[in-house]
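Below: one structure, written as structure tokens.
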Amino acid sequence: MDNQLRYQASSDSASTSAKSPQEGAGWRDFITVTKPGIIRSNLIAAFAGYWVASGWEVQYGRLLLTLLGTMLVMASACVFNNYFDRDLDMKMERTRERGLPTGRLKPGTVLAYGISLGIAGLAVLFAFCGVLAGIFGIVGMFVYVVVYTLWLKRTSTWSTSVGAISGAMPPVIGYVAVTGTVDLGAWLLFAMLFLWQPPHFWALGIRRKEEYRAAGFPLLPVVKGTRRTKFQMIPYVALLLPVPVLMYAYGYAGIFYLIISMALSIAWLYLTLIGFKAKDDDAWAKKNFFFSINYLTLSLIALVLNTIHG
């Protein structure tokens, strides 16, 4: 009951702050609404996709344009996500101080901002990076904004898995900007990012389960519980094991990438499995979450540095 009272008080406070705007919006609010953390990690993935496809024979001008177009498209999708989730963001502690929930940013301004970023990003991809790159940019935006944000995020535990499709687009965009075709390399890059996302996000979801419950998000840990979520993380992490093997076997990356990525994958799988014996689920989930970040970063760095020369 005390928790409910505290949540009600915080919700009332958030609603009041949204109705009574603080100081005018600053440039930081316009940066924050694009979710720079997501953009940063996905730009690394887009860079890796471009680099692997190039085999060290890189056209740097085209690379920069690919990263620019990808960044603008991702920023647009994140702005739309903030726009449509502004009512729910008021209910969560970690989001209620954003520009939209507090009223510093006006919904109409944010909507125009998202549309402008999307048009600019797709224009860059179609004009300078190829039709396939532009199409995958559209796919990423559609899945994240329409399928994930407007539909599944509010209605189904499948939101995390299906939404991962959009998060797996950046390396594919980078790859097809070079090759102009979808081959095994593109699929392996897609698999790496797609399989990484659900266990990464579910670890965060376990830690913030009560926040998501209070906000009304049907996240897997909320609907099915922590133990079921731990079980569901296992196949995603386990299926990452063949990715470096195939990358090596088909000549996309060398032995050092294979060793490093396999070691990281095995370590993450072990960390996920011992979660069933964890006495403190929050501490375990925190460790798993941060390991997942390091897993992706180190795997992509190893892939770039050990890409086979074309």
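The values are calculated or read from the model by the stated rules, or taken from the named source; none is laboratory data. For clarity, every value in this text was computed on a predicted model and none was experimentally measured. Cβ atoms come from the backbone with ideal geometry, glycine included; neighbour counts cover every protein chain shown. Note: areas computed on protein heavy atoms with side chains; ligands, DNA, RNA excluded. Shrake-Rupley method; radii C 1.70, N 1.55, O 1.52, S 1.80 Å.
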> Which residues, taken from the stretch 284-297, are open to solvent by 10 Å² or more (accessible area, probe 1.4 Å) and more than 15 Å from the chain's Cα centre (by Cα)?
Replying inline: Trp284, Lys286, Lys287, Phe291
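Name the residue that is farthest from the chain's Cα centre (by Cα), counting only residues in the stretch 153-172 that are closer than 11 Å to Leu193 by Cβ and in a helix (DSSP H, G or I).
Val172
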> Mind checking which residues of the stretch 149-166 are in contact (Cβ under 8 Å) with a residue 60 or more places away in the chain and in contact with a Leu (Cβ under 6 Å, 6 or more places away or on another chain)?
Replying inline: Thr157, Ser159
> Which of the residues that make up the stretch 212-248 are aliphatic (A, V, I, L, M), in contact with a Leu (Cβ under 9 Å, 6 or more places away or on another chain) and closer than 20 Å to Ala191 by Cα?
Replying inline: Ile234, Val237, Ala238, Leu239, Leu240, Leu241, Val243, Val245, Leu246, Met247
> Just checking, which of Leu305, Leu300 is touching a residue at least 24 places away in the same chain (Cβ under 8 Å) and under 19 Å from the mean Cα position of the chain (by Cα)?
Replying inline: Leu300
>> Suppose the filter is of a type in the set (A, V, I, L, M), touching a Ser or Thr at 6+ places or on another chain (Cβ under 9 Å), without any contact (Cβ under 8 Å) to a residue 60 or more places away in the chain and over 16 Å from Leu195 (Cβ atoms); does Ala263 pass it?
In response: no
> Among the numbered criteria (1) modelled with pLDDT under 95; (2) assigned to a loop (DSSP other than H, G, I, E, B); (3) open to solvent by less than 60 Å² (accessible area, probe 1.4 Å), which single criterion is violated by Val58?
Replying inline: (1)
> Give me the pairs: first residue in the stretch 79-95 and farther than 17 Å from Gly118 by Cβ, second residue modelled with pLDDT under 90 and assigned to a loop (DSSP other than H, G, I, E, B), beta-carbon distance under 6 Å, and six or more apart or on different chains, which are they?
Replying inline: Asp89/Thr95; Asp89/Arg98; Met90/Arg96
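Where residues in the stretch 92-140 are of a type in the set (S, T, N, Q) and surrounded by fewer than 20 Cβ atoms within 10 Å (Cβ to Cβ), which of them is nearest to Met74 (Cα to Cα)? Step through it out loud before you land on a result.
To start, the set of residues in the stretch 92-140 that are of a type in the set (S, T, N, Q) comprises 95, 102, 109, 116.
In the following step, the residues that additionally are surrounded by fewer than 20 Cβ atoms within 10 Å (Cβ to Cβ) were identified as 95, 109, 116.
Details: Thr95: 19, Thr109: 18, Ser116: 12 Å.
My answer is Ser116.
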> What pairs come up if the first residue lies in the stretch 240-259 and is more than 13 Å from Val52 (Cβ to Cβ), the second is not in a helix (DSSP H, G or I), and their beta carbons are under 8 Å apart, counting only those six or more places apart or on different chains?
Replying inline: Ile255/Asn306; Phe256/Asn306
